[in-house]
1. Being within 16 Å of A:His339 (Cα to Cα) and at the interface with chain B (Cβ under 7 Å from one of its Cβ atoms), is that true of even one residue in region A:373-380?
2. With the structure loaded, tell me whether A:Ile385 is farther than 19 Å from A:Tyr253 by Cα and either more than 10 Å from every other protein chain (Cβ to nearest Cβ) or polar (S, T, N, Q) (or both) or whether it fails that test.
3. Within region B:98-138, count every residue that is touching a strand residue (DSSP E or B) at 6+ places or on another chain (Cβ under 7 Å), away from every other protein chain (no Cβ under 11 Å), within 12 Å of B:Leu150 (Cα to Cα) and not hydroxyl-bearing (Ser, Thr, Tyr).
4. Just to be sure before I move on: is B:His428 surrounded by fewer than 21 Cβ atoms within 10 Å (Cβ to Cβ) and either at the interface with chain A (Cβ under 7 Å from one of its Cβ atoms) or under 24 Å from the mean Cα position of the chain (by Cα) (or both) in the structure I sent?
5. Do you know which residues across region B:397-417 are at pLDDT 90 or above and either at positive phi or more than 7 Å from every other protein chain (Cβ to nearest Cβ) (or both)?
6. Answer yes if at least one residue in region A:248-260 is without any contact (Cβ under 8 Å) to a residue 60 or more places away in the chain and within 27 Å of A:Arg350 (Cβ to Cβ), and no otherwise.
7. Considering (1) part of a loop (DSSP other than H, G, I, E, B); (2) surrounded by fewer than 16 Cβ atoms within 10 Å (Cβ to Cβ), say which one B:Glu272 fails and leave the rest.
8. Any chance you could count how many residues in region A:308-349 are within 22 Å of B:Tyr404 (Cβ to Cβ) and assigned to a loop (DSSP other than H, G, I, E, B)?
2 protein chains.
Amino acid sequence: MTDRTTEQKVAEAQDAALSLANLSDEARSGALHDVADAIEREAEAILAANERDVTEAERLLEQGEYTRALVDRLELSESKLADIAEMVRSVADRDDPLGETLSARRLDDGLELYRVSVPIGVIATVFESRPDALVQIAALSLKSGNAAILKGGSEASHSNRALYEVIAEATADVPDGWAQLIEAREDVNTLLEMDDAVDLLMPRGSSAFVSYIQDNTSIPVLGHTEGVCHVFVDRDADLSMAEDVAYDAKVQYPAVCNAVETLLVDERVAEEFLPGMVERYREAGVELRGDAAAREIVDVDPATDDDWDTEYGDLELAIRVVDSLSAAVDHVNTHGSKHTESIVTEDSDRAATFMRGVDSSSVFHNASTRFADGYRYGLGAEVGISTGKTHARGPVGLAGLTTYKYHLQGDGHLVATYAGEDAKPFLHESFEGEWAPGHLVGESD
Amino acid sequence: MTDRTTEQKVAEAQDAALSLANLSDEARSGALHDVADAIEREAEAILAANERDVTEAERLLEQGEYTRALVDRLELSESKLADIAEMVRSVADRDDPLGETLSARRLDDGLELYRVSVPIGVIATVFESRPDALVQIAALSLKSGNAAILKGGSEASHSNRALYEVIAEATADVPDGWAQLIEAREDVNTLLEMDDAVDLLMPRGSSAFVSYIQDNTSIPVLGHTEGVCHVFVDRDADLSMAEDVAYDAKVQYPAVCNAVETLLVDERVAEEFLPGMVERYREAGVELRGDAAAREIVDVDPATDDDWDTEYGDLELAIRVVDSLSAAVDHVNTHGSKHTESIVTEDSDRAATFMRGVDSSSVFHNASTRFADGYRYGLGAEVGISTGKTHARGPVGLAGLTTYKYHLQGDGHLVATYAGEDAKPFLHESFEGEWAPGHLVGESD
């Protein structure tokens with residue numbers, strides 16, 4: 001296996017992707033249940049492999065090269081493996097994202113056009129230390145009928161190889177080569193150049209890492225770089241609600257991308273709102289900075305220009321007092337990362353102006369930014385969050401790993417009939433109908 | 001105007017894009033009707049500018065540097081301008097692609113999530129000689145609420161500038177700077193690097209030109225490179241229908257990307273089918289090539305390996321005899337360009353196998369490949385055809401120039417309520433509902 005080049009592995013994945021598109025949901029989901037069972041059955045071998053990675057990581061931690069957080073992310077346990085197996089089963093049990101008729105249009109009598117959801121093809125992921133990422137991405141790819149190229153971090157190489165082998169063995173009935181493991185760092189650069197063969201890239205990891213991938217490939221990338229999210233307390237806000245929303249948005253879980261980083265407050269309510277808010281944040285241990293106007297009201301450190309562009313990812317927050325709704329919108333569009341913003345106001349027109357005005361994938365009215373998440377949105381297993389504006393935006397579910405095909409069913413229809421002087425007009429009527437997919441591989445009757 | 005840099009122009013377009021998102025359909029469509037009227041009113045000035053381009057192009061034609069086809073594409077006339085104005089009016093009168101609620105989900109009582117269509121932002125187009133491309137792209141961009149960066153070919157520079165000025169003047173009520181003209185070739189390279197500012201690139205022109213753009217930017221590209229389309233005559237085909245479909249697919253208009261280039265014929269019907277088919281093609285002046293098996297039946301030139309990968313774009317066609325349906329699918333996936341393929345068969349199971357098996361954006365059963373087109377599909381004005389697999393695929397209508405935003409309406413909802421030991425469960429109920437967009441700029445009551 002190790003003697004195959006990255007090009008060969010990707011070519012195998014391309015071949016497999018063509019067959020995967022013909023595999024029934026039953027076969028894809030069944031294989032995923034087999035993967036879940038195998039992970040639990042092979043727990044001992046997986047944990048032994050993981051132990052080797054953890055030992056090496058702890059050595060590097062002592063030398064100051066790794067952080068404790070990295071070692072924690074790396075470490076698997078019996079209960080973590082059970083969670084991973086459960087996650088695979090929940091992906092398996094989602095509705096089939098494939099073969100759905102997205103629209104149907106009658107072009108003329110007997111000439112029917114169906115837009116049908118299909119897999120994208122070959123999806124490559126490059127992820128950092130968490131070995132559970134490998135399993136999650138493989139599961140999401142298989143459920144959506146895509147071949148997966150998996151490249152994990154070298155710090156998790158033994159764990160990744162063990163998990164990959166369990167997955168490959170458990171999916172022996174799935175077209176061979178559907179999942180490929182890439183191990184060397186230099187192979188990533190090969191991958192980034194294979195824009196004819198790889199249809200989508202999903203990097204997972206730090207903002208800097210995702211940016212690096214985006215800047216070095218012309219393959220479409222699904223991922224998010226930063227989450228500089230805002231809560232705006234409007235002049236017409238219910239201030240008690242505003243305090244709860246702004247508190248939840250920061251304190252409930254500060255390490256994640258949908259936590260608020262900058263609190264914007266209308267100057268007409270700042271004096272009434274800020275003292276209580278600041279006291280509540282302080283009790284939770286939030287480190288605060290503010291602009292000059294905020295510091296006239298509350299005693300916080302001065303914010304620098306850099307603060308407005310910073311994703312703290314921690315119990316830190318910057319406060320800015322603005323003189324209008326439009327100043328708040330301008331601040332968000334200048335300093336935000338197009339992720340998630342929330343306005344707190346009792347005036348629904350002002351809410352609509354804010355929501356239309358800010359160029360972000362999720363815009364909220366009277367709700368915490370922390371709701372921006374695939375699970376909370378009801379999308380099921382989350383593929384990732386996208387800050388790109390094409391293909392899929394915001395929290396992305398399995399549907400983000402699909403594209404569509406046009407199926408045209410005719411009865412010998414010719415374009416010549418609809419062209420020239422005596423051109424027959426098209427009907428172009430939408431209708432409710434499903435393209436009948438015929439028999440799929442692995443389907444029981 | 002000429003002293004502004006490309007960076008400044010793009011920054012102005014970015015600002016304008018934010019306001020454009022708040023412009024009512026009434027205002028966008030009204031501005032487009034003004035553009036159409038202005039093009040007709042200013043016909044004389046536009047034609048005078050065009051005349052300068054045509055004179056220069058004819059000089060270069062005499063020197064053998066330009067082709068007659070290029071000069072023809074370049075040349076405008078009173079009636080061509082009337083057609084262009086009509087095209088602008090038809091774009092104006094399409095349904096509004098913005099503000100549509102694509103899905104609505106109740107996360108909990110009073111917490112409603114809406115997915116709403118919005119503009120993408122800044123769309124840049126780089127196109128070759130046809131000056132009507134500038135008007136079409138500007139119209140499609142404005143209708144869909146996007147700012148447009150327009151870069152035409154230097155051979156059409158006077159025409160493009162005249163058309164651009166007419167458009168800019170007629171849209172004075174639209175946020176300033178929404179359309180920007182880029183004129184120098186070196187500015188294209190600047191543009192290709194501005195992936196933080198430009199959200200989508202739409203190159204128009206030859207395959208080589210589109211490939212060049214794709215290979216030199218990390219901005220998402222909407223375009224198609226090649227159209228190597230296939231018709232497969234199955235063993236169970238109605239051979240008379242097959243002859244009509246294969247004829248129409250090549251002869252009706254051979255210069256376009258959805259014309260067939262390779263005819264695949266099952267060996268079980270080749271002897272009966274090919275002689276009549278070849279005779280009919282010959283009468284239409286189609287130059288034919290075939291593989292060894294085809295040449296045992298009909299007297300055509302030998303096809304080389306290159307033929308299978310060639311987009312002739314002319315009255316030329318390659319014929320290959322295959323021994324099975326799966327051999328036909330393999331040929332298409334190996335040599336095709338993921339554009340459009342058609343199977344002619346009376347067996348709907350075999351049709352479904354072909355349609356699922358070939359990895360192309362449009363797959364037809366008993367219909368000519370020439371139907372693959374936005375107008376025939378009923379999408380209205382065609383933005384382009386995409387051979388990419390993410391964002392939009394196949395013929396793309398105005399919806400391809402939109403993305404979506406999640407709007408969450410709450411009443412002070414906090415994530416803390418739904419987390420931890422006493423977590424309240426989500427409802428996650430889909431419902432029929434429209435997000436109320438509030439008042440838009442330029443809307444009458």
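1. yes
2. No; evaluated as a whole, the condition is false for this residue.
3. Total satisfying the criteria: 8.
4. Working: surrounded by fewer than 21 Cβ atoms within 10 Å (Cβ to Cβ): yes; either at the interface with chain A (Cβ under 7 Å from one of its Cβ atoms) or under 24 Å from the mean Cα position of the chain (by Cα) (or both): yes.
Considered against the rule, which asks whether it is surrounded by fewer than 21 Cβ atoms within 10 Å (Cβ to Cβ) and either at the interface with chain A (Cβ under 7 Å from one of its Cβ atoms) or under 24 Å from the mean Cα position of the chain (by Cα) (or both), B:His428 comes out as yes.
5. Of everything in region B:397-417, those that are at pLDDT 90 or above and either at positive phi or more than 7 Å from every other protein chain (Cβ to nearest Cβ) (or both) turn out to be B:Leu398, B:Ala399, B:Gly400, B:Leu401, B:Thr402, B:Gly412, B:Thr417.
6. no
7. The failed condition is (1).
8. 4
The values are calculated or read from the model by the stated rules, or taken from the named source; none is laboratory data. Model, not experiment: these values are computed from the prediction. Reconstructed Cβ throughout: ideal geometry from the backbone, glycine too, with neighbour counts over all protein chains shown.
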